[in-house]
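Worksheet for the structure shown next.
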Amino acid sequence: MDEKNIHLTAAEIASVWTGYMNDTLAKSILSFMLKHVDDPEIKPVVQHAYDNFTNQIDQLHQIFEEENFAVPNGFTEKDVNMKAPWLFTDVFCLTYVTHMARIGMITYSGFVTMSIKKEIRDYSIQGLQDMAALYDHAVEIALKKGINARHPYIESPKQIDYVDSKKYFSGLNPFSDKRPLNAIEISHLYMNIQTNEMGVRLCLAFAQTSPSKVVQDFMIRCKNISQKHIKIFVDSLMANDIGAPQVPDTAVSDSTTQTFSDKLMMYHMSLLISAGIGNYATAAAASQRMDLAANYERLSMEVAKLAKSGADIMIDNNWLEQPPGTRNREKLAKNKEKS
């Protein structure tokens, strides 16, 4: 059978739709960053990111045309006020690109595993390669400038070992000693501190530049929850005499001029929240100490409630673009009977 005559599967439709929403969002943010970033080493990284997302959008337009696929609205230049004053430090821009590349790698790897049709596989694999190259570029520049936040060091193993007691998995009893953290647990704690720190900075920028009291309040609530989660993760590290990560200067300016549309800011926070829930689920599955897994599960519920309140705000303001879905067959049948 000619592959061009094969319709897209639900997974492939989900991939290209989600890709378009995320790529147009990132392009909008990066277009503003490009106008203001000055550092001669950081600006090429931001340009690299902007070019990547632009190319991916072009690929998607071609797929939409070939598949007779309604192009989502996504985000455009109307969602960015290019005349707004400087908002982010150059280091923040570099950290933002690193974070979005990390999310992109996870997202595109999922697209690859869900795609069968060659043109969608090609798009997904290329997107994964682009995000990996972008991440490598961003980390290399951060290392060169001495602003890369490294994971904690621990002693390399000199011999193999086996778990000799079920107590290895304990940790819920507050009256008993907890075993030291292993390398896998440390890495997830550290990563979730980093991602929440990025969320705090973005929430501050969005809160202070939004003209909507509802959006401002939501962003402040997101910031407070992220800070609370950071403290929980830092306390787990400190209890094992592991210092908290030293994050780079990811400050935002004191501008209060609306820079991005409320629709864009709310969707962006929704994207970060979704990525955070995914990170927590992965960390919970990988953590063998039960108190850590329980923390991730509890915090995931809190973040899920936050996501629901954000979605309600977007629905109330007609900002939430609906993903493609199936028709309600029962409703169609009833409407046919009435006619």
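The values are calculated or read from the model by the stated rules, or taken from the named source; none is laboratory data. As the structure is a prediction and not an experimental result, all values here were calculated from the model. Reconstructed Cβ throughout: ideal geometry from the backbone, glycine too, with neighbour counts over all protein chains shown. Accessible surface areas use protein heavy atoms only, side chains included; no ligands, DNA or RNA. Shrake-Rupley method; radii C 1.70, N 1.55, O 1.52, S 1.80 Å.
For the stretch 64-186, the alpha carbon positions stretch 60, 43, 32 Å along the principal axes, listed from largest to smallest. Solvent-accessible surface of the stretch 37-111, averaged per residue with a 1.4 angstrom probe and all protein chains in place: 46 square angstrom. Ranking Trp86, Trp17 from most to least accessible surface, computed with a 1.4 Å probe over the protein chains only, gives Trp86, Trp17.
Using only Cα coordinates, the Kirkwood hydrodynamic radius of the stretch 160-270 works out to 16.4 Å.
With distances taken between every two different alpha-carbon atoms, the chain has a Kirkwood hydrodynamic radius of 22.0 Å. A straight line joining the Cα centroids of the stretch 203-218 and the stretch 31-93 runs 22 Å.
Gyration tensor analysis over the Cα atoms of the stretch 276-317 returns equivalent ellipsoid semi-axes of 27, 9, 4 Å (largest first, whole Å). Once the convex hull of all Cα atoms in the stretch 101-163 is built, its volume per residue stands at 154 Å³. Hey, what do the phi angles of the stretch 254-262 turn into as Karplus ³J(HN,Hα) couplings, whole Hz, using 6.51/-1.76/1.60 and θ = phi - 60°, x for Gly and Pro? Running phi through 6.51 cos²θ - 1.76 cosθ + 1.60 with θ = phi - 60° gives 9, 5, 10, 6, 4, 9, 10, 5, 4 Hz. Distances between placed amide hydrogens fall under 5 Å for Phe260 paired with Asn81, all partners being 5 or more residues away or on another chain. Any idea of Thr54's accessible area? Nearest 10 Å², probe 1.4 Å. Ignoring ligands and nucleic acids, Thr54 comes out at about 30 Å². Here the Debye sum runs over all C-alpha atoms of the stretch 9-141 as equal scatterers in vacuum, and log10 of I(q)/I(0) at q = 0.22 Å⁻¹ comes out as -1.28. Other residues whose C-beta falls under 10 angstrom from the C-beta of Gly74 contribute a net charge of -2, scoring Lys and Arg +1 and Asp and Glu -1. Of the cross-linked pairs Lys158/Lys178; Lys263/Lys308; Lys83/Lys263, those separated by over 20 Å at the C-alpha level are Lys158/Lys178. Classify the stretch 68-129 as rounded, prolate or oblate from the Cα gyration tensor: take a ≥ b ≥ c as the square roots of its eigenvalues, call it rounded if a/c is under 1.5, otherwise prolate when a/b beats b/c and oblate if not. Oblate, because a/c is 1.5 or more while a/b does not exceed b/c.
Counting only Cβ charges, +1 for Lys and Arg and -1 for Asp and Glu, the dipole size of the chain around its Cα centre is about 1020 debye.
Rounded, prolate or oblate for the stretch 209-287? Axes are the square roots of the Cα gyration tensor eigenvalues, ordered a ≥ b ≥ c, and the cut-off for rounded is a/c under 1.5. Prolate.
Phi angles of the stretch 8-13 translate, via the Karplus equation with coefficients 6.51, -1.76, 1.60 and θ = phi - 60°, into HN-Hα couplings of 5, 7, 4, 5, 5, 4 Hz per residue; Gly and Pro are given as x. Rolling a 1.4 Å probe over the protein heavy atoms of the chain, with every protein chain left in place, gives an accessible area that is 55 percent carbon and sulfur. For the stretch 232-241, backbone phi angles converted through the Karplus equation (6.51, -1.76, 1.60; θ = phi - 60°) give residue-by-residue couplings of 4, 5, 5, 4, 5, 5, 5, 5, 10, 6 Hz, Gly and Pro being listed as x. Largest first, the extents of the alpha carbon coordinates of the stretch 13-68 on the three principal axes equal 42, 14, 14 Å.
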